[in-house]
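Peer 1: For reference, the structure I am asking about is given below.
Any read-out appearing in this document is the output of simple, stated calculations on the displayed coordinates, not a laboratory observation. From a predicted model like this one, the values you see are computed outputs, not experimental measurements. Cβ placement follows ideal geometry from the backbone for every residue including glycine, while neighbour counts extend to all protein chains displayed.
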Amino acid sequence: MTKNDCYYLGKVTKKHGFKGNLIIHLDTDEPELYDTLEAVFIEQDGTLVPFFFETSQPYQGTKLLVKFEDLSPEEAERLVNREVYLPLTTLPELSGTDFYYHEIIGFTIYDQSNTEVGTIKSVNDSAAQAYFEVDVDGKEILIPMIDEWILEVNREEKAMLIQIPDGLLEIYLG
């Protein structure tokens, strides 16, 4: 299993108690979707290693309190600050204008007049407003990800139709 086959679920943030319990902070708006997990992959030395839960329970909102099978408290402590992943195959399929960030990389963006704008290189969600990072003939432009602006997502054609406000592209392209 490689990172390309998985998505980032969260991070082991700290130990809890002295019996090898750990806290996993989930990077999700819907932590309840992960209440019944049986295992996760944790990155160790560049490799994803499967870890199976002995126990797992929701903890303070977007966290899980877990204990892994066959793991001593000392071994558990070494997992703190490690990233946690799940296989892409575990994600439910989305439709309409809903999408996962990883699935739209490489999609072509078209504006409301069906004019090709550029190619999505990545999604930046580290700020208060997430945005598409789009390559337009070698120049990077940023388009805010606003639900009302996304008119259509065509997975077969790898294309997205977006209502881009007048003047936004001119800021970048002159």
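Peer 1: Which entries in Lys11/Lys121; Lys67/Lys158; Lys67/Lys121; Lys3/Lys139 show an alpha-carbon gap greater than 30 Å? Display every interim value, and only then the final one.
Peer 2: Values: Lys11/Lys121 25 Å; Lys67/Lys158 41 Å; Lys67/Lys121 38 Å; Lys3/Lys139 28 Å.
Over 30 Å Cα-Cα: Lys67/Lys158; Lys67/Lys121.
Peer 1: Among Gly61, Ser122, Thr89, flag the residue with its Cα farthest along the positive direction of the charge dipole of the chain, charges on Cβ as +1 for Lys/Arg and -1 for Asp/Glu.
Peer 2: With unit charges placed on the Cβ atoms, the residue in question is Gly61.
Peer 1: Can you tell me the Rg and Dmax of the stretch 3-90, counting just the alpha carbons, in angstroms?
Peer 2: According to the Cα coordinates of the stretch 3-90, Rg and Dmax are 11.8, 34 Å.
Peer 1: Related question: Identify which of the listed values of Cα extents along the principal axes in Å was calculated from the structure shown: (1) 159, 34, 24; (2) 72, 30, 28; (3) 60, 30, 28.
Peer 2: The listed entry that was calculated here is (3).
Peer 1: Given labels modelled 7 Å from the Cα in the Cβ direction, how far is it in nm from Tyr8 to Glu148?
Peer 2: Distance between the two pseudo-spin positions: 3.0 nm.
Peer 1: Please compute, for the alpha-carbon atoms of the stretch 101-173, the extent along each of the three principal axes and give them in descending order in Å.
Peer 2: Projected onto its principal axes, the Cα set of the stretch 101-173 covers 31, 29, 26 Å.
Peer 1: Right, another one. Which whole-number percent is the relative contact order of the stretch 3-90 (Cα, under 8 Å, 6+ apart)?
Peer 2: 42
Peer 1: With each label point set 7 Å from Cα along the Cα-Cβ vector, what nm distance links Asp29 and Phe53?
Peer 2: With each label placed 7 Å out from Cα toward Cβ, I get 2.3 nm.
Peer 1: Something else: Relative contact order of the stretch 106-173, please, whole-number percent, based on alpha carbon pairs below 8 angstrom and at least 6 residues apart.
Peer 2: Rounded, it is 29 percent for the stretch 106-173.
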